[in-house]
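**Student:** Okay, here's the structure, questions in a sec.
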Amino acid sequence: MSNQDQPIRSLFERRYPAAVEARDAEAYLALYTPDALWIRPGVSPRRGHAAIAKGFEEMLDGQRISCRFTADEIERHGGSATVLGRSDAEITPMAGGESRRQRFDALWIVRERQGTWLIHRQIWTPTQ
């Protein structure tokens, strides 16, 4: 991957997991285009900031998530790019109890808006 891919890699590997781990809905939503599509396993697709905010709240309800993201492929297409990657998360119940590991494969379409890369389409699937 080239140096020009670094801002996209940073979005995937640093900015996104930091917002999740901080449970920071404002920082999380700032990573998405206004008309973003968010598809997570087991729930209906969410479109737009309001729906994604509700999904983020539901995803974190009662649990803390510590995650590591790795971008395996970044392919640029002018002002957009596709990212194929994976995450490894440790999910811990806030009320106590045993943590569990969850791995996901991810496909993102990102767009550049005013010099910043944002998530436009995000699709997750559990790794078997």
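The values are calculated or read from the model by the stated rules, or taken from the named source; none is laboratory data. None of the values given here were measured: they were computed from a predicted structure. Ideal geometry is used to build each Cβ from the backbone, glycine not excepted, and the neighbour counts take in all protein chains shown.
**Student:** Can you report the number of residues in the stretch 89-122 which are touching a Ser or Thr at 6+ places or on another chain (Cβ under 8 Å), among the acidic types (D, E) and closer than 23 Å to M59 by Cβ?
**Tutor:** So the count comes out to 2.
**Student:** How many residues, within the stretch 32-66, are closer than 23 Å to G96 by Cα and among the polar types (S, T, N, Q)?
**Tutor:** 2
**Student:** So, of the residues in the stretch 31-41 that are at pLDDT 95 or above and out of contact with any helix residue (DSSP H, G or I) (no Cβ under 8 Å at 6 or more places or on another chain), which turns out to be farthest from I65 (Cα to Cα)?
**Tutor:** Within the stretch 31-41, the match that is farthest from I65 (Cα to Cα) is D35.
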